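The values are calculated or read from the model by the stated rules, or taken from the named source; none is laboratory data. Quantities reported herein were computed from a predicted structural model and do not represent experimental measurements. All Cβ positions, glycine included, derive from the backbone under ideal geometry; neighbour counts span all protein chains shown.
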Amino acid sequence: MNGMNHRGLVLCLGAGQMVSWGITYYLIGALGPSMATGLGWSAALIQGGFALALLTMGLCSPWAGALSDRHGGRLVMCAGSLFNAAGCALLALSRDAAEYYAGWLLLGLGMRCTLYDAAFAALARIMGGNARRAMAQITLPGGLSATLFWPLGQVLSELAGWRGALWCYALLAL
């Protein structure tokens with residue numbers, strides 16, 4: 001792959017990291033209070049969903065790593081995007097705790113497949129030993145994601161309600 005293609009790859013992966021972090025990891029900060037109010041649930045119950053996603057990420061890490069090694073990061077990231085979209089959609093549809101936590105379980109799978117690890121695996125496979133700089137470059141958009149998605153989530157929630165915001169997130173995941 002030449003330098004021009006590498007730049008395009010880094011830009012696309014960086015944009016993907018920004019969206020993936022924004023619609024998953026920062027979702028709870030932007031939409032959690034509205035979800036608690038809308039569902040009439042405690043903050044602890046709402047935050048418990050995010051905790052389940054983090055636990056799921058940790059537990060499925062060996063599986064996601066093996067898939068990345070076997071099939072490359074691209075396939076894993078594409079599957080993760082589908083998990084993220086399904087998780088956001090299920091949260092948008094949730095009426096009880098079981099549905100809500102199932103949505104977070106899917107988001108945990110999606111986060112493990114779309115956040116840095118799979119992107120790094122894809123870069124390493126494509127660029128070999130020259131991937132370090134590109135890896136560092138895609139972390140910046142992921143880190144800045146909260147700056148964009150926290151206010152975006154709140155604006156979407158004000159315009160379309162928290163469920164509407166989650167449907168927008170599901171579309172962004174795709």
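Just one of the listed residues (ARG74, ARG112, ARG133, ARG70) is under 19 Å from ALA173 (Cα atoms), assigned to a helix (DSSP H, G or I), over 12 Å from the mean Cα position of the chain (by Cα) and among the basic types (Lys, Arg), and it is ARG74. I'd like the full set of residues that are out of contact with any Cys (no Cβ under 7 Å at 6 or more places or on another chain), free of Cβ contacts under 8 Å to residues at least 40 places away in the same chain and more than 21 Å from LEU123 (Cα to Cα), limited to the range 60-92. LEU90 - this is the single residue of the range 60-92 that is out of contact with any Cys (no Cβ under 7 Å at 6 or more places or on another chain), free of Cβ contacts under 8 Å to residues at least 40 places away in the same chain and more than 21 Å from LEU123 (Cα to Cα).
Residue-by-condition table, conditions (1) within 12 Å of GLN17 (Cβ to Cβ); (2) surrounded by fewer than 22 Cβ atoms within 10 Å (Cβ to Cβ); (3) touching a residue at least 24 places away in the same chain (Cβ under 8 Å):
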| site | (1), (2), (3) |
| --- | --- |
| THR114 | yes, no, yes |
| ASP117 | yes, yes, yes |
| ARG125 | no, yes, yes |
| TRP150 | no, yes, yes |
| GLN154 | no, yes, yes |
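A single member of MET57, MET18 is touching a Lys or Arg at 6+ places or on another chain (Cβ under 6 Å), part of a helix (DSSP H, G or I) and modelled with pLDDT of 95 or more, and it is MET57. Selection within the range 21-45: residues that are part of a loop (DSSP other than H, G, I, E, B) and within 14 Å of the chain's Cα centre (by Cα). The member of this set that is surrounded by the fewest Cβ atoms within 10 Å (Cβ to Cβ) is TYR26. Within the range 79-94, the presence of a residue that is at pLDDT below 95 and not in a helix (DSSP H, G or I) is excluded.
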